[in-house]
Amino acid sequence: MMDFNLIVPHRLLDTIQSTAFDGQKEAGAWTLFRVAHVDCDPVTGRATRRYILNKVVPLMQTDVVSSSEKHLTVKTGSFVKVLGQAQLDELVPGFLHGHPSGYAAFSSRDDQNEAALSRAHRNKSGPGRAFVSLLALPSGRLLARVWTDPDTSYPATVTITGHRLRKCFVHEDDILETQALDRQTRVFGPGFNAQLQSLKVLIVGAGGTGSPLSVMLARSGVQSPVILDPDVIEETNLHRLYGATVKDIGSPKATVLAAHLNGFGLDTNALGIQGNLLDVAHRDLLKSADVIFCCTDDHASRLLLNRFAYFYELPVIDIGLAIERGEVDVKDMTGRVTRLGPGSPCLLCRNIVDPRRAREEELRAKDPEAYAFQVNEGYILGGGDPEPAFISMTTSVATLAMEELLQLMTGFRGDGGVVTQRLRRFQVPEDRRTGAKTDPDCPICSEIECWGLGDVTPFLDRVS
Ligand SMILES: [Zn+2]
Ligand SMILES: [Zn+2]
(Lines give C-alpha, C1' and ligand atoms only; values in the text may rest on other atoms or scores of the structure.)
(Ligands and ions follow the chains in the order given, each with its own letter.)
Protein backbone atom coordinates (compact mmCIF):
# COMPACT_ATOMS: atom_id res chain seq x y z
CA MET A 1 0.00 0.00 0.00
CA MET A 2 1.28 3.41 -0.95
CA ASP A 3 0.27 6.98 -0.16
CA PHE A 4 -0.16 9.59 -2.86
CA ASN A 5 0.30 13.33 -2.61
CA LEU A 6 0.27 16.12 -5.19
CA ILE A 7 2.36 19.26 -4.91
CA VAL A 8 0.67 22.15 -6.67
CA PRO A 9 2.73 25.36 -6.92
CA HIS A 10 0.72 28.38 -5.84
CA ARG A 11 1.79 30.27 -8.98
CA LEU A 12 -0.18 27.78 -11.13
CA LEU A 13 -3.47 28.21 -9.24
CA ASP A 14 -4.74 31.01 -11.51
CA THR A 15 -4.06 28.86 -14.57
CA ILE A 16 -5.86 25.93 -12.96
CA GLN A 17 -8.93 28.01 -12.16
CA SER A 18 -9.03 29.63 -15.61
CA THR A 19 -8.73 26.32 -17.48
CA ALA A 20 -11.04 24.26 -15.24
CA PHE A 21 -14.17 26.36 -15.80
CA ASP A 22 -15.85 27.71 -18.91
CA GLY A 23 -18.43 29.98 -17.31
CA GLN A 24 -20.98 27.57 -15.87
CA LYS A 25 -19.67 24.70 -18.00
CA GLU A 26 -17.00 22.20 -17.08
CA ALA A 27 -13.66 22.68 -18.80
CA GLY A 28 -10.26 21.09 -18.44
CA ALA A 29 -6.59 20.81 -19.31
CA TRP A 30 -3.87 18.24 -19.70
CA THR A 31 -1.35 18.26 -16.90
CA LEU A 32 2.23 17.07 -16.57
CA PHE A 33 3.96 16.14 -13.33
CA ARG A 34 7.42 15.38 -12.05
CA VAL A 35 7.88 12.71 -9.40
CA ALA A 36 9.40 12.40 -5.94
CA HIS A 37 9.75 8.85 -4.62
CA VAL A 38 9.68 8.34 -0.88
CA ASP A 39 10.58 4.77 0.10
CA CYS A 40 9.57 5.22 3.72
CA ASP A 41 7.79 8.25 5.11
CA PRO A 42 9.33 8.68 8.58
CA VAL A 43 5.95 9.41 10.15
CA THR A 44 3.66 6.88 8.48
CA GLY A 45 6.30 4.26 7.72
CA ARG A 46 4.77 3.91 4.26
CA ALA A 47 6.04 4.44 0.76
CA THR A 48 4.78 7.66 -0.81
CA ARG A 49 4.67 8.99 -4.34
CA ARG A 50 4.60 12.71 -4.74
CA TYR A 51 3.62 14.26 -8.03
CA ILE A 52 4.79 17.83 -8.54
CA LEU A 53 2.66 19.78 -11.01
CA ASN A 54 4.98 20.99 -13.74
CA LYS A 55 2.76 22.12 -16.63
CA VAL A 56 -0.87 22.83 -17.40
CA VAL A 57 -1.64 22.45 -21.12
CA PRO A 58 -5.04 23.95 -22.01
CA LEU A 59 -7.40 21.76 -24.04
CA MET A 60 -8.01 22.72 -27.66
CA GLN A 61 -11.60 23.04 -28.85
CA THR A 62 -10.97 19.93 -30.93
CA ASP A 63 -9.98 17.90 -27.83
CA VAL A 64 -13.49 18.16 -26.38
CA VAL A 65 -16.22 15.71 -27.40
CA SER A 66 -18.92 17.44 -25.35
CA SER A 67 -19.34 19.52 -22.21
CA SER A 68 -22.10 20.86 -19.98
CA GLU A 69 -22.58 22.09 -16.42
CA LYS A 70 -22.27 18.50 -15.24
CA HIS A 71 -19.86 16.74 -17.54
CA LEU A 72 -16.84 17.01 -19.79
CA THR A 73 -15.83 14.32 -22.24
CA VAL A 74 -12.48 14.56 -24.01
CA LYS A 75 -10.99 12.64 -26.92
CA THR A 76 -8.49 10.02 -25.90
CA GLY A 77 -6.88 10.59 -29.32
CA SER A 78 -5.67 14.08 -28.35
CA PHE A 79 -4.37 12.68 -25.08
CA VAL A 80 -1.92 10.52 -27.04
CA LYS A 81 -0.02 13.66 -28.16
CA VAL A 82 0.38 14.70 -24.53
CA LEU A 83 1.63 11.21 -23.72
CA GLY A 84 4.34 11.67 -26.34
CA GLN A 85 5.56 14.85 -24.62
CA ALA A 86 5.34 13.18 -21.21
CA GLN A 87 7.52 10.29 -22.35
CA LEU A 88 10.05 12.62 -23.94
CA ASP A 89 10.45 14.81 -20.84
CA GLU A 90 10.06 12.02 -18.25
CA LEU A 91 6.84 13.51 -16.96
CA VAL A 92 3.74 11.83 -15.58
CA PRO A 93 0.62 12.77 -17.54
CA GLY A 94 -2.65 13.83 -16.03
CA PHE A 95 -5.98 15.48 -16.59
CA LEU A 96 -7.51 18.45 -14.81
CA HIS A 97 -11.15 19.46 -14.86
CA GLY A 98 -13.52 21.57 -12.80
CA HIS A 99 -16.94 21.16 -11.23
CA PRO A 100 -18.57 24.61 -11.49
CA SER A 101 -21.47 23.24 -9.44
CA GLY A 102 -19.08 22.74 -6.52
CA TYR A 103 -19.83 18.99 -6.42
CA ALA A 104 -16.90 17.80 -4.28
CA ALA A 105 -16.30 14.30 -5.62
CA PHE A 106 -15.38 12.52 -8.82
CA SER A 107 -18.55 11.56 -10.70
CA SER A 108 -19.26 8.23 -12.38
CA ARG A 109 -18.72 10.04 -15.72
CA ASP A 110 -15.28 11.05 -14.42
CA ASP A 111 -14.60 7.40 -13.55
CA GLN A 112 -15.38 6.32 -17.12
CA ASN A 113 -13.45 9.16 -18.79
CA GLU A 114 -10.37 8.75 -16.65
CA ALA A 115 -10.32 4.97 -16.94
CA ALA A 116 -10.31 5.46 -20.72
CA LEU A 117 -7.41 7.93 -20.48
CA SER A 118 -5.54 5.56 -18.19
CA ARG A 119 -6.10 2.77 -20.73
CA ALA A 120 -4.77 4.95 -23.56
CA HIS A 121 -1.73 5.66 -21.39
CA ARG A 122 -1.14 1.96 -20.76
CA ASN A 123 -1.52 1.13 -24.44
CA LYS A 124 1.02 3.76 -25.47
CA SER A 125 3.48 3.71 -22.57
CA GLY A 126 3.20 0.19 -21.17
CA PRO A 127 1.73 -1.20 -17.93
CA GLY A 128 2.26 0.19 -14.44
CA ARG A 129 2.35 3.85 -15.52
CA ALA A 130 0.63 6.37 -13.29
CA PHE A 131 -1.94 8.86 -14.48
CA VAL A 132 -2.93 11.78 -12.25
CA SER A 133 -6.38 13.32 -12.08
CA LEU A 134 -7.03 16.72 -10.55
CA LEU A 135 -10.47 18.17 -9.82
CA ALA A 136 -10.88 21.90 -9.18
CA LEU A 137 -13.79 23.46 -7.30
CA PRO A 138 -14.83 27.13 -7.50
CA SER A 139 -13.86 27.49 -3.81
CA GLY A 140 -10.23 26.84 -4.74
CA ARG A 141 -10.22 23.41 -3.18
CA LEU A 142 -8.49 20.70 -5.20
CA LEU A 143 -9.24 16.98 -5.14
CA ALA A 144 -6.96 14.41 -6.68
CA ARG A 145 -6.52 10.76 -7.41
CA VAL A 146 -3.87 8.65 -9.02
CA TRP A 147 -4.65 5.86 -11.48
CA THR A 148 -2.11 3.06 -11.36
CA ASP A 149 -3.92 1.08 -14.06
CA PRO A 150 -7.27 1.47 -15.88
CA ASP A 151 -9.11 -0.38 -13.08
CA THR A 152 -7.43 1.10 -10.02
CA SER A 153 -7.27 4.60 -8.62
CA TYR A 154 -6.22 5.91 -5.22
CA PRO A 155 -7.21 9.18 -3.54
CA ALA A 156 -4.40 11.70 -3.09
CA THR A 157 -3.98 14.68 -0.81
CA VAL A 158 -2.97 17.96 -2.41
CA THR A 159 -0.41 20.35 -0.95
CA ILE A 160 -0.37 23.87 -2.34
CA THR A 161 3.11 25.37 -1.91
CA GLY A 162 4.86 28.64 -2.72
CA HIS A 163 3.69 32.01 -1.42
CA ARG A 164 1.02 30.05 0.40
CA LEU A 165 0.96 26.65 2.08
CA ARG A 166 -2.32 24.78 2.23
CA LYS A 167 -3.38 21.16 2.25
CA CYS A 168 -6.51 19.90 0.55
CA PHE A 169 -7.66 16.75 2.31
CA VAL A 170 -9.46 13.87 0.67
CA HIS A 171 -12.40 14.16 3.08
CA GLU A 172 -12.54 17.78 4.16
CA ASP A 173 -16.03 17.49 5.67
CA ASP A 174 -14.94 14.91 8.25
CA ILE A 175 -12.53 17.25 10.02
CA LEU A 176 -13.40 17.93 13.64
CA GLU A 177 -12.28 21.02 15.48
CA THR A 178 -10.03 20.24 18.44
CA GLN A 179 -11.49 21.86 21.55
CA ALA A 180 -8.08 22.19 23.18
CA LEU A 181 -6.98 24.50 20.36
CA ASP A 182 -10.10 26.68 20.51
CA ARG A 183 -8.11 29.83 21.32
CA GLN A 184 -6.21 29.43 18.05
CA THR A 185 -9.45 29.07 16.11
CA ARG A 186 -10.41 32.40 17.64
CA VAL A 187 -7.31 33.92 16.04
CA PHE A 188 -7.18 32.27 12.62
CA GLY A 189 -10.68 30.89 12.12
CA PRO A 190 -12.07 27.39 11.56
CA GLY A 191 -9.94 24.95 9.60
CA PHE A 192 -6.64 26.46 10.70
CA ASN A 193 -5.93 23.88 13.41
CA ALA A 194 -6.58 20.94 11.09
CA GLN A 195 -4.12 22.41 8.60
CA LEU A 196 -1.45 22.85 11.25
CA GLN A 197 -2.04 19.45 12.84
CA SER A 198 -1.61 17.64 9.54
CA LEU A 199 1.45 19.55 8.44
CA LYS A 200 4.58 17.45 7.95
CA VAL A 201 7.33 19.58 9.40
CA LEU A 202 11.03 18.80 9.31
CA ILE A 203 13.25 20.77 11.68
CA VAL A 204 16.92 20.59 10.78
CA GLY A 205 18.87 21.51 13.89
CA ALA A 206 17.70 21.06 17.49
CA GLY A 207 19.75 23.83 19.04
CA GLY A 208 19.10 27.39 20.19
CA THR A 209 16.59 28.20 17.42
CA GLY A 210 15.37 24.69 16.54
CA SER A 211 14.37 23.80 20.11
CA PRO A 212 12.07 26.77 20.88
CA LEU A 213 10.62 26.49 17.38
CA SER A 214 9.86 22.79 17.89
CA VAL A 215 8.17 23.57 21.20
CA MET A 216 5.97 26.20 19.50
CA LEU A 217 5.11 23.84 16.65
CA ALA A 218 4.16 20.97 18.96
CA ARG A 219 2.16 23.11 21.39
CA SER A 220 0.22 24.76 18.57
CA GLY A 221 -0.81 21.36 17.26
CA VAL A 222 1.72 19.97 14.76
CA GLN A 223 1.30 16.27 15.46
CA SER A 224 4.35 14.65 14.00
CA PRO A 225 7.31 17.01 13.80
CA VAL A 226 10.54 15.36 12.66
CA ILE A 227 13.75 16.69 14.18
CA LEU A 228 17.19 15.99 12.75
CA ASP A 229 20.47 16.94 14.42
CA PRO A 230 23.86 15.21 14.46
CA ASP A 231 25.06 16.60 17.80
CA VAL A 232 24.87 15.63 21.45
CA ILE A 233 24.03 18.04 24.24
CA GLU A 234 26.97 19.78 25.88
CA GLU A 235 27.07 21.83 29.04
CA THR A 236 27.57 25.01 27.00
CA ASN A 237 24.24 24.39 25.16
CA LEU A 238 22.05 24.38 28.26
CA HIS A 239 21.82 28.18 28.51
CA ARG A 240 19.65 28.27 25.36
CA LEU A 241 18.20 24.78 24.74
CA TYR A 242 14.53 24.17 25.45
CA GLY A 243 13.63 20.81 26.92
CA ALA A 244 17.12 19.75 28.01
CA THR A 245 18.51 19.34 31.53
CA VAL A 246 21.92 18.64 33.02
CA LYS A 247 21.04 14.94 32.97
CA ASP A 248 20.82 15.08 29.17
CA ILE A 249 24.45 16.08 28.66
CA GLY A 250 25.95 13.56 26.24
CA SER A 251 22.56 12.52 24.80
CA PRO A 252 21.54 13.38 21.22
CA LYS A 253 19.87 16.79 20.92
CA ALA A 254 17.22 15.50 18.51
CA THR A 255 15.96 12.61 20.63
CA VAL A 256 15.96 14.62 23.87
CA LEU A 257 13.92 17.35 22.20
CA ALA A 258 11.46 14.86 20.66
CA ALA A 259 10.96 13.19 24.05
CA HIS A 260 10.31 16.62 25.58
CA LEU A 261 7.60 17.38 22.99
CA ASN A 262 6.03 13.95 23.38
CA GLY A 263 5.77 14.56 27.11
CA PHE A 264 3.36 17.50 26.74
CA GLY A 265 0.38 15.15 26.81
CA LEU A 266 -0.89 16.67 23.56
CA ASP A 267 -0.77 13.46 21.49
CA THR A 268 2.39 14.73 19.85
CA ASN A 269 4.29 12.02 18.04
CA ALA A 270 7.59 13.79 17.43
CA LEU A 271 10.44 11.86 15.89
CA GLY A 272 14.01 12.77 16.85
CA ILE A 273 16.80 11.47 14.67
CA GLN A 274 20.49 11.86 15.39
CA GLY A 275 22.04 12.34 12.00
CA ASN A 276 23.48 14.65 9.40
CA LEU A 277 21.27 16.03 6.66
CA LEU A 278 24.01 15.34 4.12
CA ASP A 279 23.66 11.62 4.75
CA VAL A 280 21.88 9.90 1.84
CA ALA A 281 19.87 7.91 4.40
CA HIS A 282 17.89 11.05 5.32
CA ARG A 283 16.57 11.99 1.90
CA ASP A 284 13.13 10.59 2.65
CA LEU A 285 12.88 13.01 5.59
CA LEU A 286 13.31 15.88 3.16
CA LYS A 287 11.14 14.54 0.38
CA SER A 288 8.17 13.70 2.59
CA ALA A 289 7.99 17.07 4.38
CA ASP A 290 5.48 19.85 3.62
CA VAL A 291 7.75 22.52 5.07
CA ILE A 292 11.34 22.49 6.31
CA PHE A 293 12.94 24.75 8.88
CA CYS A 294 16.68 25.17 8.58
CA CYS A 295 17.87 25.88 12.13
CA THR A 296 21.50 24.96 11.74
CA ASP A 297 24.53 27.19 11.31
CA ASP A 298 26.08 24.54 9.09
CA HIS A 299 26.75 25.91 5.60
CA ALA A 300 26.75 22.52 3.87
CA SER A 301 23.23 21.61 5.09
CA ARG A 302 22.05 25.08 4.23
CA LEU A 303 23.42 24.83 0.70
CA LEU A 304 21.67 21.50 0.19
CA LEU A 305 18.34 22.85 1.50
CA ASN A 306 18.81 25.92 -0.68
CA ARG A 307 18.71 23.72 -3.79
CA PHE A 308 16.08 21.41 -2.39
CA ALA A 309 13.48 24.18 -1.97
CA TYR A 310 13.54 24.89 -5.73
CA PHE A 311 13.90 21.34 -7.05
CA TYR A 312 11.02 19.99 -4.96
CA GLU A 313 8.78 23.11 -4.79
CA LEU A 314 8.73 22.88 -1.00
CA PRO A 315 9.11 25.87 1.31
CA VAL A 316 12.34 26.01 3.29
CA ILE A 317 12.38 28.60 6.06
CA ASP A 318 15.98 29.40 6.83
CA ILE A 319 16.92 30.93 10.17
CA GLY A 320 20.10 32.73 11.14
CA LEU A 321 21.43 34.74 14.03
CA ALA A 322 24.62 36.76 13.85
CA ILE A 323 26.04 38.48 16.89
CA GLU A 324 29.21 40.42 16.43
CA ARG A 325 31.20 41.70 19.35
CA GLY A 326 33.71 44.49 19.18
CA GLU A 327 36.56 45.12 21.63
CA VAL A 328 34.29 46.31 24.43
CA ASP A 329 30.66 45.70 23.49
CA VAL A 330 28.22 44.28 20.96
CA LYS A 331 28.55 45.76 17.47
CA ASP A 332 25.67 44.02 15.80
CA MET A 333 22.92 41.52 16.68
CA THR A 334 20.84 40.44 13.72
CA GLY A 335 18.26 37.71 13.47
CA ARG A 336 17.20 36.63 10.00
CA VAL A 337 14.40 34.54 8.53
CA THR A 338 14.49 33.79 4.80
CA ARG A 339 11.86 31.89 2.87
CA LEU A 340 13.34 29.86 0.03
CA GLY A 341 11.60 28.40 -2.97
CA PRO A 342 10.57 29.43 -6.49
CA GLY A 343 9.95 33.17 -6.66
CA SER A 344 12.41 34.00 -3.89
CA PRO A 345 16.11 34.81 -4.38
CA CYS A 346 18.20 31.94 -3.03
CA LEU A 347 20.84 32.02 -0.28
CA LEU A 348 23.68 32.18 -2.80
CA CYS A 349 22.17 35.27 -4.44
CA ARG A 350 21.74 36.78 -0.97
CA ASN A 351 25.37 36.01 -0.07
CA ILE A 352 24.19 34.22 3.05
CA VAL A 353 25.84 30.90 2.51
CA ASP A 354 29.58 30.47 2.04
CA PRO A 355 30.21 27.79 -0.61
CA ARG A 356 33.83 27.33 0.51
CA ARG A 357 32.83 26.62 4.11
CA ALA A 358 30.04 24.39 2.83
CA ARG A 359 32.56 22.29 0.90
CA GLU A 360 34.77 22.01 3.98
CA GLU A 361 31.85 20.97 6.17
CA GLU A 362 30.71 18.44 3.62
CA LEU A 363 34.20 16.94 3.61
CA ARG A 364 34.21 16.84 7.43
CA ALA A 365 30.87 15.01 7.44
CA LYS A 366 31.65 12.55 4.66
CA ASP A 367 35.37 11.92 5.09
CA PRO A 368 36.64 12.99 8.54
CA GLU A 369 40.15 11.63 7.85
CA ALA A 370 40.62 13.63 4.67
CA TYR A 371 39.24 16.67 6.49
CA ALA A 372 41.71 16.27 9.39
CA PHE A 373 44.54 15.87 6.89
CA GLN A 374 43.60 19.10 5.11
CA VAL A 375 43.34 21.00 8.40
CA ASN A 376 46.79 19.68 9.40
CA GLU A 377 48.26 20.72 6.08
CA GLY A 378 46.74 24.18 6.50
CA TYR A 379 44.43 23.92 3.46
CA ILE A 380 41.42 24.37 5.72
CA LEU A 381 41.20 26.71 8.69
CA GLY A 382 39.14 24.30 10.78
CA GLY A 383 36.82 24.93 13.72
CA GLY A 384 37.23 28.53 14.86
CA ASP A 385 35.60 30.05 17.94
CA PRO A 386 32.02 29.15 18.89
CA GLU A 387 29.47 31.73 17.73
CA PRO A 388 28.07 34.08 20.40
CA ALA A 389 24.46 33.30 21.37
CA PHE A 390 21.85 34.39 23.90
CA ILE A 391 18.52 32.72 24.64
CA SER A 392 16.26 35.72 24.10
CA MET A 393 17.70 36.31 20.62
CA THR A 394 17.68 32.66 19.56
CA THR A 395 14.08 32.37 20.78
CA SER A 396 13.11 35.60 19.08
CA VAL A 397 14.38 34.36 15.70
CA ALA A 398 12.51 31.08 16.20
CA THR A 399 9.35 33.14 16.78
CA LEU A 400 9.96 35.07 13.55
CA ALA A 401 10.22 31.75 11.72
CA MET A 402 7.00 30.46 13.29
CA GLU A 403 5.25 33.64 12.16
CA GLU A 404 6.59 33.11 8.66
CA LEU A 405 4.86 29.73 8.67
CA LEU A 406 1.65 31.43 9.83
CA GLN A 407 1.95 33.90 6.98
CA LEU A 408 2.28 31.03 4.50
CA MET A 409 -0.72 29.26 5.99
CA THR A 410 -3.07 32.18 6.60
CA GLY A 411 -1.75 35.28 4.83
CA PHE A 412 -2.46 37.17 8.07
CA ARG A 413 -0.16 40.02 7.06
CA GLY A 414 -2.26 40.78 4.03
CA ASP A 415 -1.09 41.16 0.44
CA GLY A 416 1.77 43.43 1.46
CA GLY A 417 3.03 40.76 3.86
CA VAL A 418 4.52 38.46 1.28
CA VAL A 419 8.20 39.12 1.88
CA THR A 420 10.89 36.54 1.46
CA GLN A 421 13.25 37.80 4.13
CA ARG A 422 12.92 39.56 7.47
CA LEU A 423 15.68 40.90 9.63
CA ARG A 424 15.40 41.72 13.30
CA ARG A 425 18.22 43.94 14.44
CA PHE A 426 18.06 43.70 18.18
CA GLN A 427 20.03 46.87 18.86
CA VAL A 428 17.66 49.08 16.82
CA PRO A 429 13.96 49.61 17.55
CA GLU A 430 12.48 48.68 14.14
CA ASP A 431 12.42 45.43 12.19
CA ARG A 432 13.63 45.63 8.65
CA ARG A 433 12.71 43.87 5.46
CA THR A 434 15.49 43.54 2.96
CA GLY A 435 15.47 43.55 -0.76
CA ALA A 436 17.48 40.96 -2.62
CA LYS A 437 17.85 40.30 -6.29
CA THR A 438 18.06 37.05 -8.12
CA ASP A 439 21.33 36.84 -10.02
CA PRO A 440 20.15 36.29 -13.63
CA ASP A 441 22.86 33.63 -13.98
CA CYS A 442 21.97 31.80 -10.76
CA PRO A 443 21.56 28.11 -11.63
CA ILE A 444 19.03 27.63 -8.82
CA CYS A 445 16.63 30.50 -8.28
CA SER A 446 16.74 32.11 -11.74
CA GLU A 447 16.26 28.93 -13.75
CA ILE A 448 12.65 27.96 -13.94
CA GLU A 449 13.81 24.72 -15.63
CA CYS A 450 15.01 23.31 -12.31
CA TRP A 451 11.91 24.31 -10.36
CA GLY A 452 9.83 21.35 -9.32
CA LEU A 453 12.03 18.81 -11.10
CA GLY A 454 11.72 16.41 -8.18
CA ASP A 455 13.90 13.33 -8.41
CA VAL A 456 16.85 13.64 -10.77
CA THR A 457 20.17 11.80 -10.89
CA PRO A 458 22.37 12.88 -9.22
CA PHE A 459 20.19 14.13 -6.35
CA LEU A 460 19.47 17.88 -6.84
CA ASP A 461 21.72 17.68 -9.90
CA ARG A 462 24.69 18.17 -7.58
CA VAL A 463 28.07 16.81 -8.40
CA SER A 464 29.90 16.61 -5.09
ZN1 LIG B 1 -16.12 15.63 -13.07
ZN1 LIG C 1 20.07 32.29 -6.63
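A few comments on the model shown:
- Number of the condition not met by S211 [criteria: (1) closer than 30 Å to A47 by Cβ; (2) crowded, with 20+ Cβ neighbours inside 10 Å; (3) touching a residue at least 40 places away in the same chain (Cβ under 8 Å)]: (1)
- E177 vs. criteria out of contact with any Phe, Trp or Tyr (no Cβ under 7 Å at 6 or more places or on another chain), on the phi < 0 side of the Ramachandran plot and either within 16 Å of ligand 2 (Cβ to nearest atom) or in contact (Cβ under 8 Å) with a residue 24 or more places away in the chain (or both): no
- Listed conditions (1) touching a strand residue (DSSP E or B) at 6+ places or on another chain (Cβ under 7 Å); (2) in a loop (DSSP other than H, G, I, E, B); (3) surrounded by 13 or more Cβ atoms within 10 Å (Cβ to Cβ) are all met by Q427, apart from (3).
- Residue in segment 424-434 that is on the phi > 0 side of the Ramachandran plot, away from ligand 1 (no atom under 16 Å from the Cβ) and under 25 Å from the mean Cα position of the chain (by Cα) present: no
- Per-region count, segment 338-390, residues more than 16 Å from ligand 2 (Cβ to nearest atom) and within 23 Å of G454 (Cα to Cα): 1
- Residues located in segment 206-230, provided they are under 16 Å from the mean Cα position of the chain (by Cα) and closer than 12 Å to G272 by Cβ: S224, P225, V226, I227, L228
- Residues of segment 323-356 classified as assigned to a loop (DSSP other than H, G, I, E, B), touching a residue at least 24 places away in the same chain (Cβ under 8 Å) and not hydroxyl-bearing (S, T, Y), total: 12
- Residue that is of a type in the set (D, E, K, R) and either assigned to a loop (DSSP other than H, G, I, E, B) or without any contact (Cβ under 8 Å) to a residue 40 or more places away in the chain (or both), where the choices are D41, D3: D41
- Evaluated against (1) in a strand (DSSP E or B); (2) buried (at least 24 other Cβ atoms within 10 Å of the Cβ), G320 falls short on exactly one condition, (2).
- Within segment 72-81, not a single residue is in contact with a Gly (Cβ under 8 Å, 6 or more places away or on another chain) and surrounded by fewer than 18 Cβ atoms within 10 Å (Cβ to Cβ).
- Of the residues making up segment 88-109, those that are assigned to a loop (DSSP other than H, G, I, E, B) and either under 28 Å from the mean Cα position of the chain (by Cα) or surrounded by 21 or more Cβ atoms within 10 Å (Cβ to Cβ) (or both) are D89, E90, L91, H99, A104, A105, F106.
- The listed residues are G326, G275, and the only one of them that is in contact with a helix residue (DSSP H, G or I) (Cβ under 6 Å, 6 or more places away or on another chain) and among the small types (G, A, S) turns out to be G275.
- Lone unmet requirement of (1) touching a residue at least 24 places away in the same chain (Cβ under 8 Å); (2) farther than 18 Å from P212 by Cα for A281: (1)
- Positions within segment 60-87 being under 24 Å from F4 (Cβ atoms) and not in a helix (DSSP H, G or I), in sequence order: L72, V74
- Count of segment 153-182 residues which are over 24 Å from S344 (Cα atoms) and modelled with pLDDT of 95 or more: 5
- Within segment 340-371, restricting attention to residues that are of a type in the set (G, A, S) and modelled with pLDDT of 85 or more, the residue that is farthest from L321 (Cα to Cα) is A370.
- Any hit, segment 133-147, residues being crowded, with 16+ Cβ neighbours inside 10 Å, within 12 Å of ligand 1 (Cβ to nearest atom) and basic (K, R): yes
The values are calculated or read from the model by the stated rules, or taken from the named source; none is laboratory data. Owing to the predicted nature of the structure, the values given are computational and were not obtained by experimental measurement. As a convention, Cβ positions derive from the backbone with ideal geometry for all residues, glycine included, and neighbour counts pool all protein chains shown.
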